[in-house]
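Below is one structure, written out as structure tokens, with a few remarks after it.
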Amino acid sequence: MTEKTRYFVLKQKAVPEVLLKVVEAKRILDGDPSLSVQTVTERLGLSRSSFYKYKNDIFPFHDEAQGKTVTFLIQIEDEPGLLSTVLNTIAQFGANILTIHQTIPISGVATLTLSVQVLSTTGDMSAMIGEIEKKQGVRYLKILGRE
């Protein structure tokens, strides 16, 4: 019986250093195909075996998100204009908002579920998420899924 592939979305600080080095090695090799894997892995202090073991299993979120629908769960304070600010941030990054659901605020906090389509013109999704998280009144942001 074949095991179903499962995916996880992690913040960079939760990713082991070896995996971050694999991502960096892939970026360098994509930028200069004349370099050998041996050269790049030695430069980064990464074993070739680790590179080959993980190279097909890790990638920056924004690189693989195009054409996908990403669903976010966001908790925001009940402040006039805050929802508009969050939606405007998504629009500024060029993503297409597909659905919005907001609960009635309880104890001054509302929960949003947003489905966002990532287009070829969409900017860096990690930067977009970071911008939303920095907004005053945004208490929590979690990626629920990606299709």
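Annotations for the structure displayed:
- Within the stretch 34-58, if we keep just the residues that are of a type in the set (Lys, Arg) and under 25 Å from the mean Cα position of the chain (by Cα), the residue that is farthest from VAL22 (Cα to Cα) turns out to be LYS53.
- Selection from the stretch 104-122 of residues that are assigned to a loop (DSSP other than H, G, I, E, B) and either open to solvent by 30 Å² or more (accessible area, probe 1.4 Å) or of a type in the set (A, V, I, L, M) (or both): ILE104, PRO105, SER107, GLY108, VAL118, LEU119, SER120, THR121
- Scope the stretch 82-103; condition modelled with pLDDT under 95 and part of a loop (DSSP other than H, G, I, E, B); matching residues: PHE93, GLY94, ALA95
- In this structure, VAL138 does not qualify as surrounded by 13 or more Cβ atoms within 10 Å (Cβ to Cβ), in contact (Cβ under 8 Å) with a residue 40 or more places away in the chain and under 16 Å from the mean Cα position of the chain (by Cα).
- Screening the candidates LYS53, LYS68, LYS26 for the property of being more than 17 Å from LEU141 (Cβ to Cβ) and in contact (Cβ under 8 Å) with a residue 60 or more places away in the chain yields one hit, LYS68.
- For ARG146, the criteria (1) touching a residue at least 60 places away in the same chain (Cβ under 8 Å); (2) charged (D, E, K, R); (3) under 14 Å from ILE90 (Cβ atoms) hold in every case but one, which is (3).
- The residues on offer are ILE58, ILE76, ILE104, ILE90, and the sole one that is out of contact with any Cys (no Cβ under 9 Å at 6 or more places or on another chain), hydrophobic (A, V, I, L, M, F, W, C) and within 20 Å of VAL15 (Cα to Cα) is ILE58.
- Residue within the stretch 32-43 that is within 24 Å of VAL70 (Cα to Cα), in a helix (DSSP H, G or I) and open to solvent by less than 90 Å² (accessible area, probe 1.4 Å) present: no
The values are calculated or read from the model by the stated rules, or taken from the named source; none is laboratory data. Keep in mind that what you see is a predicted model, and the values were worked out from it rather than measured. All Cβ positions, glycine included, derive from the backbone under ideal geometry; neighbour counts span all protein chains shown. Just so you know, the surface numbers come from the protein's heavy atoms only, side chains and all, with ligands and any DNA or RNA stripped out. Shrake-Rupley method; radii C 1.70, N 1.55, O 1.52, S 1.80 Å.
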